[in-house]
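Before any comments, here is the structure.
The values are calculated or read from the model by the stated rules, or taken from the named source; none is laboratory data. None of these values were measured; they are calculated from a predicted model. Neighbour counts run over all protein chains shown; Cβ positions are idealised from the backbone, glycine included.
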């Protein structure tokens, strides 16, 4: 009887979903079928839209579940980016499932949900990292243009360098590694108190060079390059660059508040439509296209594929979803940069977020400076010092060959400092934070469905520190970071170690501190990867008319923040698609 009831419920669910899809009206406000329907208005979606619509005969419709937040101060003002995480309607408020390796902790994995996607809410760090990662992309995917030389051209095509700021500090920047693309990259207009001591100390103690992290280097230290406009010190991101350009063209149609629920297929397994919820009216609609391109990030992309019948067959059947194509790797290979945190109270003269947010007199000064000409702390990102180090092979003794066998240009650990507190419960005082992140994790997680309802957040299994080599790397990095902060040059700017606390000394105590302070750098990739789910032409294997582009297509994570890589990968895909389909600009 139990089996019969279960089967009946599954049948009713399939019928309900089928009727919903059948009843969804086709949009009547579009003149004919689109050539491409793009799902996702993040960096990949807007790069694709801008490039493909350069051909005036190519019609593109882009669907984005979020809204236009281009005038929201938490989006536009660099220093306030972290406040967007608390803003309803700007993010997908995802969390990983309680993780055994974190003693049951379930950290947030929030993703951008507005025009611009993650680039509307990220910390604006622009970093390309080790060249060998991209050569590995080319090898895995079979697409030679994804190697470093081909990606360098894509990096140039998507960015331009603005070095007009009269900075008063030395920092190497290879301006020839930028081109004439829409995205503006710059450096900090001024230094925070802790910037130069941090960079100098990391370079000396770790014996790494000062680099720009855009010329193929993976190991070194940098004060950091950022996607910030020099003219007014505001965010330069996917929507107000590539999106604004696309918006000027009559062959482009942007639809916000359109939450994609399912991709439709014809009987020969050809994708031909996207069903979505028009959130403003609550009505389900369908838009048709000759090609469907999913560019919804590493969490939402695999979810949409599975809801549409593409994924592990057993999972789909469990939720009463008809199998269009059994693709076991959909949702697998989830890779992210995870890190563990230390925190210190800062001495009174140190520039920190607390100063411009809670110190009334300082806050007034900073607000006035920023309003006048974009100067001051509000035009900065609360600390941009980034170091990356390769650890000795001895650290990984007994953990296997994964980390020691990585190409020599790849670091094992990255170190970042910030003037912003990272941990819940931090006292309301001026704080300096630091974290150690594993740049090339061996462990992999996965994304799967919670239900057949697109409104239910997918289940994210992070498997943080799941490999012994990752645990060895983060423990060594955590110890190294504390040692750096204890050196006279940095200790002169701190008063007390708030976390984990001076009494935490043994490896066991430090590992417990790592578990309780572990967070995501919000760089998930790999869940519909090239080489497994996707062919070298960006098409989903086993079906027709469907491509996936963006973070979810990345087979191996870069060695630093991923926004540069996503922009460039999307440009590379856009050129490939236009050439393959005979739609070159």
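Assorted remarks:
- Considering residues of the stretch 81-90 that are in contact with a helix residue (DSSP H, G or I) (Cβ under 7 Å, 6 or more places away or on another chain) and either modelled with pLDDT of 95 or more or assigned to a loop (DSSP other than H, G, I, E, B) (or both) only, the residue farthest from residue 369 (Cα to Cα): 90
- For residue 57, the conditions (1) in a loop (DSSP other than H, G, I, E, B); (2) in contact with a helix residue (DSSP H, G or I) (Cβ under 9 Å, 6 or more places away or on another chain) all hold with the exception of (2).
- Scope the stretch 312-334; condition under 15 Å from residue 547 (Cα atoms) and touching a helix residue (DSSP H, G or I) at 6+ places or on another chain (Cβ under 6 Å); matching residues: 330
- Here residue 480 fulfils each of the conditions (1) surrounded by fewer than 20 Cβ atoms within 10 Å (Cβ to Cβ); (2) in a loop (DSSP other than H, G, I, E, B); (3) in contact with a helix residue (DSSP H, G or I) (Cβ under 8 Å, 6 or more places away or on another chain) apart from (2).
- The residue of the stretch 104-125 that is nearest to the chain's Cα centre (by Cα), among those that are surrounded by fewer than 24 Cβ atoms within 10 Å (Cβ to Cβ) and over 12 Å from residue 522 (Cβ atoms), is 124.
- Candidate set from the stretch 153-171 (those that are assigned to a helix (DSSP H, G or I) and free of Cβ contacts under 8 Å to residues at least 60 places away in the same chain); member that is surrounded by the fewest Cβ atoms within 10 Å (Cβ to Cβ): 153
- Tallying residues that are in contact with a helix residue (DSSP H, G or I) (Cβ under 7 Å, 6 or more places away or on another chain), part of a helix (DSSP H, G or I) and more than 29 Å from residue 537 (Cα to Cα) within the stretch 92-149 yields 1.
Each row is one residue, and each column tells you yes or no for (1) part of a helix (DSSP H, G or I); (2) in contact with a helix residue (DSSP H, G or I) (Cβ under 7 Å, 6 or more places away or on another chain); (3) surrounded by 17 or more Cβ atoms within 10 Å (Cβ to Cβ); (4) at pLDDT below 95.
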site	(1), (2), (3), (4)
365	yes, no, no, no
368	yes, no, no, no
371	yes, no, no, no
378	yes, yes, yes, no
382	no, yes, yes, yes
387	no, yes, yes, no
391	no, yes, yes, no
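- When the stretch 172-193 is limited to residues that are touching a strand residue (DSSP E or B) at 6+ places or on another chain (Cβ under 8 Å) and surrounded by fewer than 17 Cβ atoms within 10 Å (Cβ to Cβ), the one that is nearest to residue 245 (Cα to Cα) turns out to be 180.
- Index of the failed condition, residue 502 passing every other in (1) surrounded by 14 or more Cβ atoms within 10 Å (Cβ to Cβ); (2) more than 16 Å from residue 346 (Cβ to Cβ): (1)
- Given (1) in a loop (DSSP other than H, G, I, E, B); (2) out of contact with any strand residue (DSSP E or B) (no Cβ under 7 Å at 6 or more places or on another chain), index of the condition residue 200 fails: (1)
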